[in-house]
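Here the structure comes first, spelled out in structure tokens, and everything after it is commentary.
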């Protein structure tokens, strides 16, 4: 069993990996790239959750020793609403992500990746595919899980919109320090801003 003093940083690290995978963001430590403008409004907000049959997967598994890890996952994007009505056609979809990181149970750096969201409308019809990439190549912050959630849509619906959100592991991550961690499930919220 993992000592209680390790559980908080362990959960934070897994949340960081979950978040970075979900949004395919960049390294945890370095110089910041241009930040998103501060006068943005939310054009779409959604819930996200790992797909039951496809959790976030770490290969090789996360352990206490930092090493290069391949991260893949699929997220259900649901309950999307457009506060300003500009994106009311996008109601949900599936996000597929992949990336690499120098990672351990207590942190991650040099995170790279890419992702896409296949969108559907309220009738379940295909509504396009958005591709996204990191907004920054470095993030400094107290809560890396939240800081990693940042990116920009490069093509498809919402092109040019910024991504922002939060993710939390919903599966037991306490075994990471002892047995290692091969998969994790999680839920969160995602916003697109213009």
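Numbers below:
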{"quantity": "Extended-chain gain in nm, criterion 0.36 nm per residue less alpha-carbon gap, residue 131 and residue 170", "calculated": "11.4 nm"}
{"quantity": "Simple spin-label estimate for residue 72 and residue 51 in nanometres, 7 Å along Cα-Cβ", "calculated": "1.1 nm"}
{"quantity": "Residues 61, 53 arranged by fewest to most Cβ contacts within 10 Å", "calculated": "53, 61"}
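Here, each number is a calculation from the coordinates, and none is a lab measurement. Here the structure is a predicted model, which means the values were calculated and not measured. Cβ coordinates were reconstructed from backbone atoms using ideal geometry, including for glycine residues, and neighbour counts include every protein chain displayed.
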